[in-house]
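Written out below as C-alpha cells is the structure these notes cover.
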Amino acid sequence: MQELRLTIHIDKPAKDVFDFTLNPKNTPKWVDFIAVEEASEWPAKRGTIYRNRGKEGAEWSELALTEFDPPKQFTLSKQDGSFYVRYSFKSLSADTCEMEYYEWHAHEVPPSPLTQKTLEKLKHILEDGDTLRGDIIEESLADPSTLKTVKIVSTRVELVRPEHKTPWLKQWTLHTIEVPEDQAAALADKLSRAIETDIHSWYIDFKNDALHYVIFANKVFVVDRTHPEQYKSVVGYGLRLGIPSHQLDFSPEVASWEPPKV
C-alpha cells in the first residue's frame with residue numbers, strides 16, 4: 001500500500017474550490033502532467049466516468065466518481081480498486097477553506113507527480129483569477145489613451161536599436177499589464193482595433209498557463225498552450241505582416257529575443 005496526503009489553505013469559499021476541482025475542463029490548468037480531462041456526463045454525479053491523458057501521448061486513464069458529497073468531498077477510483085484519490089474541503093471562514101488531496105495505491109508505485117507545488121498553483125489560479133500577463137508597446141497604439149482601460153503593473157523603456165526595426169522611433173515604452181481571464185477576449189478585441197497600421201506592423205500578447213492571446217491589427221489568435229503546434233499559424237501570420245522572426249519569440253520554435261543592453 002502507498003499513500004500521499006497534501007493540504008493547502010485557499011482564500012476562496014469551499015464550494016468554489018469544490019466546483020473548480022470537480023470540473024474536468026479545469027484540471028489541465030493546474031495539473032501540469034494532464035493534457036486533457038473529460039467526463040462522461042455533466043453535471044457530474046456518483047458513477048460519472050472521468051478520462052484523462054498526459055502530455056506525452058500517454059494512454060487514457062479512467063476513474064469513476066465513487067463518492068460525491070458537495071461541497072465537502074468527492075472521490076475518483078479505478079474500477080479494479082487499485083487506486084483512488086479523494087478531495088476534501090473544510091470551510092475555515094466564509095471566504096477561506098482547507099483542501100486535502102489524498103491519494104491511495106494498493107501497491108507500491110513511483111512517487112506521484114502531483115506535489116505541494118501543484119496545490120500552490122491551484123491556489124494561485126483560484127485566488128488570482130487565472131490572470132493573464134503581458135506587454136503593450138505604447139508606440140504600437142494609434143490611440144495611447146487605450147492604456148487607460150488596462151491595469152498596468154510596471155513600465156520600462158528600451159532605447160531603439162537596429163534590431164528593433166523601428167528607426168523612426170527613439171524608444172519603446174513597454175507596459176506590463178494584467179488581465180482577468182474573463183475580460184481577456186474583450187480586451188484583445190479592443191486592442192486589435194487600437195494598433196496603428198500606417199507605418200509598421202505590431203502585435204500585443206498576454207498569457208497565463210492555459211491560454212495565450214496574440215493580437216495583431218484587426219486579428220486575434222488564442223492559443224491553447226497545451227497544443228504548442230497552434231503557434232505555427234500565428235508565426236506565419238506575423239511573418240506575412242513583415243514582423244522580424246526574432247520578435248515572434250512567443251513560439252517555442254523561435255529563440256527568445258532580448259534587445260541589446262545599452
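The values are calculated or read from the model by the stated rules, or taken from the named source; none is laboratory data. Quantities reported herein were computed from a predicted structural model and do not represent experimental measurements. All Cβ positions, even for glycine, are placed from backbone atoms using ideal geometry, and neighbour counts span all protein chains on display.
Which pairs turn up if I take residues in the range 91-117 that are farther than 16 Å from T21 by Cα and in contact (Cβ under 8 Å) with a residue 60 or more places away in the chain and look for partners that are of a type in the set (D, E) and exposed (fewer than 11 other Cβ atoms within 10 Å of the Cβ) with beta carbon separation below 9 Å, at least 6 apart in sequence or on another chain?
Sorted first by the residue in the range 91-117, then by its partner, the pairs are W104/E3; H105/E3; A106/D80.
On the given criteria, is W42 at pLDDT 95 or above and farther than 25 Å from E120 by Cβ?
yes
Please enumerate the residues belonging to the range 188-203 that are within 22 Å of S154 (Cα to Cα) and either surrounded by fewer than 16 Cβ atoms within 10 Å (Cβ to Cβ) or within 17 Å of the chain's Cα centre (by Cα) (or both).
Correct list: A188, K190.
Given the conditions (1) within 19 Å of T21 (Cβ to Cβ); (2) surrounded by fewer than 16 Cβ atoms within 10 Å (Cβ to Cβ), which single one is not true for I152?
(1)
Tell me which residues, restricted to the range 31-62, are crowded, with 18+ Cβ neighbours inside 10 Å and under 19 Å from E100 (Cα atoms).
Passing the criteria: only V31.
Residues that are aromatic (F, W, Y): list the strands (runs of 3 or more DSSP E) wholly contained in the range 159-258 that include at least 2 such residues.
Hits in the range 159-258: 203-207, 211-216.
Assuming E181 fulfils every condition listed in (1) assigned by TED's automatic domain parsing to the domain that holds L63; (2) touching a residue at least 40 places away in the same chain (Cβ under 8 Å) apart from one, which condition is it?
(1)
For the range 72-95, name all the residues that are of a type in the set (D, E, K, R), part of a strand (DSSP E or B) and buried (at least 16 other Cβ atoms within 10 Å of the Cβ).
Matches in the range 72-95: R86 only.
Got a number for residues in the range 7-21 being surrounded by fewer than 17 Cβ atoms within 10 Å (Cβ to Cβ) and under 14 Å from Q116 (Cα atoms)?
Summing the residues that are surrounded by fewer than 17 Cβ atoms within 10 Å (Cβ to Cβ) and under 14 Å from Q116 (Cα atoms) in the range 7-21 gives 3.
Cβ-Cβ below 8 Å, separation at least six or inter-chain, first residue in the range 137-162 and more than 20 Å from V214 (Cα to Cα), second of a type outside the set (A, V, I, L, M) and loosely packed, with under 12 Cβ neighbours inside 10 Å: which pairs?
Partner pairs satisfying both residue conditions: L159/K170; V160/P167; V160/K170; R161/P260.
Just checking, how many residues over the range 96-106 are within 26 Å of P13 (Cβ to Cβ) and either surrounded by 18 or more Cβ atoms within 10 Å (Cβ to Cβ) or in contact with a Gly (Cβ under 8 Å, 6 or more places away or on another chain) (or both)?
Number satisfying all stated conditions: 3.
Looking at the structure I just gave you, is G47 out of contact with any strand residue (DSSP E or B) (no Cβ under 8 Å at 6 or more places or on another chain) and not assigned by TED's automatic domain parsing to the domain that holds H200?
Against the criterion (out of contact with any strand residue (DSSP E or B) (no Cβ under 8 Å at 6 or more places or on another chain) and not assigned by TED's automatic domain parsing to the domain that holds H200), G47 does not qualify.
Determine which single condition E120 fails, assuming it passes every other condition in (1) in contact (Cβ under 8 Å) with a residue 40 or more places away in the chain; (2) in a helix (DSSP H, G or I); (3) buried (at least 17 other Cβ atoms within 10 Å of the Cβ).
(3)
Out of the range 178-222, which residues are farther than 20 Å from I125 by Cβ and among the aromatic types (F, W, Y)?
Within the range 178-222, W202, Y203, F216, F221 meet the criteria.
Looking at E98, E108, E67, which is the one that is part of a loop (DSSP other than H, G, I, E, B) and farther than 22 Å from P28 by Cβ?
E108
Could you please let me know if V214 is touching a His at 6+ places or on another chain (Cβ under 9 Å), within 26 Å of K25 (Cβ to Cβ) and surrounded by 17 or more Cβ atoms within 10 Å (Cβ to Cβ)?
no
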